[in-house]
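Report on the structure given below.
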């Protein structure tokens with residue numbers, strides 16, 4: 001792991017600073033919107049803008065990279081993000097904020113593509129799995145620590161917006177100064193026809209659509225809910241930090257189970273847990289301790305679900321189809337993410353803030369019930385080429401999924417070679433013992 005960090009330290013430091021800024025900006029915008037008396041319905045549209053831009057950026061970035069290259073795209077997108085963050089405070093207007101959120105989502109989508117491409121170029125075949133794990137850990141750590149920065153200044157002023165602008169601006173320095181401008185870009189995955197993907201794995205497709213709504217509600221609308229609920233700034237930051245901490249803590253236990261049991265039962269169990277926790281938050285959310293506990297469990301249920309659905313889809317795919325299918329699932333997830341904040345924002349404005357948890361309950365329950373239905377329609381079979389559970393998230397680009405598949409394949413080959421070596425050694429020892437017994 002130390003060798004991997006030595007090879008990629010500039011990228012990791014840059015990503016950490018970048019995610020500190022990105023993690024803080026979403027929470028800060030939700031809190032500031034409430035302070036500016038922007039209602040939840042309008043904030044829903046504003047928050048959805050990020051996911052709309054992210055979806056567009058995933059399509060446009062490969063084209064830009066082919067035309068002008070990594071460094072120019074990276075620098076241009078970074079400059080736009082820094083400008084957008086400072087303009088949030090300068091132009092407090094719902095329409096302007098929506099446009100800026102679209103721009104930020106577009107830029108971050110491209111930044112992830114370039115960063116993950118450089119990571120893939122920097123890592124060797126032997127270190128690819130460790131490099132990806134470190135990248136995802138640093139990403140999540142940045143998002144967690146970013147929530148705590150909400151406490152360092154008044155959200156009603158300019159200082160926090162200046163802070164995120166500075167963090168993002170500094171983050172590009174180590175990456176641009178240390179990375180090669182001619183680093184090759186890994187080809188983006190060929191899109192798999194959505195009809196073929198849906199027919200191949202209806203549960204993964206339907207689940208990914210609803211999970212997009214869960215993601216966007218949980219991560220984009222939680223600061224709006226917390227502020228409307230009357231939480232203090234510190235309590236709001238701890239509440240949202242709990243969501244990300246849960247996502248970190250439960251990723252690997254669920255992944256471990258995923259490779260050992262029928263994944264459909266795990267999908268059903270995780271979403272059932274999410275539904276129960278959502279009901280708990282709705283009825284017992286007046287207790288701050290209960291609210292934070294619900295945040296931890298909801299983050300822990302939703303974040304691994306993305307990897308779980310990708311792994312389940314891979315169970316019915318050949319190796320050369322997996323990257324294309326992952327791209328299709330990412331697109332479906334993005335479509336769900338665009339609509340989630342809009343729906344819950346409208347509901348919170350006109351029906352009450354508890355619709356934050358009610359919406360999560362309905363979405364989790366729908367995946368759970370559909371999973372139960374699919375069990376009655378299909379037996380669980382796995383292709384010989386299926387990849388294991390891959391610890392990825394919707395906050396990465398499609399390149400990370402392809403990267404993870406390659407890393408898993410390398411690990412499987414190493415395990416196979418080790419097993420063959422052990423078998424050959426044992427066989428050799430047995431032959432020697434047999435000859436010795438014959439001689440005696």
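The values are calculated or read from the model by the stated rules, or taken from the named source; none is laboratory data. Computed from a predicted model, the values in this text were never measured in an experiment. Cβ coordinates were reconstructed from backbone atoms using ideal geometry, including for glycine residues, and neighbour counts include every protein chain displayed.
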message = When the residues of the range 345-357 are narrowed to those that are buried (at least 17 other Cβ atoms within 10 Å of the Cβ) and farther than 16 Å from residue 295 by Cβ, which ends up farthest from the chain's Cα centre (by Cα)?
response = 349
task = Consider only pairs whose beta carbons are under 7 Å apart and that are at least six residues apart or on different chains; among these, list those whose first residue lies in the range 199-227 and is surrounded by 24 or more Cβ atoms within 10 Å (Cβ to Cβ) and whose second residue is outside any helix (DSSP H, G or I) and at pLDDT 90 or above.
result = 225/353
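Here's the yes/no breakdown for (1) in contact with a helix residue (DSSP H, G or I) (Cβ under 7 Å, 6 or more places away or on another chain); (2) modelled with pLDDT of 90 or more:
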residue: 6; (1), (2): no, no
residue: 15; (1), (2): yes, no
residue: 45; (1), (2): yes, yes
residue: 53; (1), (2): yes, yes
query = What about residue 6, is it without any contact (Cβ under 8 Å) to a residue 12 or more places away in the chain and more than 26 Å from residue 326 (Cα to Cα)?
reply = yes
ask   = Is there a residue in the range 70-81 that is closer than 23 Å to residue 223 by Cα and at pLDDT 90 or above?
value = yes
task = Starting from the range 264-291, take each residue that is on the phi < 0 side of the Ramachandran plot and surrounded by fewer than 16 Cβ atoms within 10 Å (Cβ to Cβ) and list its partners that are modelled with pLDDT under 95 and not in a helix (DSSP H, G or I), counting only C-beta distances under 8 angstrom and pairs at least six apart or across chains.
result = 288/231
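Okay, residues lined up against (1) assigned to a loop (DSSP other than H, G, I, E, B); (2) more than 28 Å from residue 108 (Cβ to Cβ); (3) at pLDDT 65 or above:
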{"residue": "335", "(1), (2), (3)": "no, no, yes"}
{"residue": "358", "(1), (2), (3)": "no, yes, yes"}
{"residue": "374", "(1), (2), (3)": "no, yes, yes"}
{"residue": "418", "(1), (2), (3)": "no, yes, no"}
inquiry  = Would you confirm whether or not the range 325-333 contains a residue that is touching a helix residue (DSSP H, G or I) at 6+ places or on another chain (Cβ under 6 Å), under 29 Å from residue 238 (Cβ atoms), in a helix (DSSP H, G or I) and in contact (Cβ under 8 Å) with a residue 12 or more places away in the chain?
reply    = yes
query = Any idea which of (1) more than 16 Å from the chain's Cα centre (by Cα); (2) farther than 22 Å from residue 54 by Cα; (3) at pLDDT below 95 is the one residue 362 doesn't satisfy?
reply = (3)
message = Considering only the range 234-242, I want to know if a residue exists there that is surrounded by 21 or more Cβ atoms within 10 Å (Cβ to Cβ) and either closer than 21 Å to residue 367 by Cβ or over 22 Å from the mean Cα position of the chain (by Cα) (or both).
response = no
query = Could you say whether any residue in the range 296-314 is over 23 Å from residue 370 (Cα atoms), touching a helix residue (DSSP H, G or I) at 6+ places or on another chain (Cβ under 8 Å) and buried (at least 17 other Cβ atoms within 10 Å of the Cβ)?
reply = yes
Filter result for residue 317 (in a loop (DSSP other than H, G, I, E, B) and either surrounded by fewer than 23 Cβ atoms within 10 Å (Cβ to Cβ) or more than 17 Å from the chain's Cα centre (by Cα) (or both)) = yes
ask   = If the Cβ limit is 7 Å and pairs must be 6+ apart or interchain, which residue in the range 83-95 that is farther than 13 Å from residue 160 by Cβ pairs with which residue that is in a helix (DSSP H, G or I)?
value = 84/100; 84/103; 84/104; 87/100; 94/42; 94/46
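Taking helices (runs of 4 or more DSSP H) that do not extend beyond the range 20-132, which have at least 2 residues that are surrounded by 23 or more Cβ atoms within 10 Å (Cβ to Cβ) and within 17 Å of the chain's Cα centre (by Cα)?
Fully inside the range 20-132 and qualifying: 40-68, 94-122.
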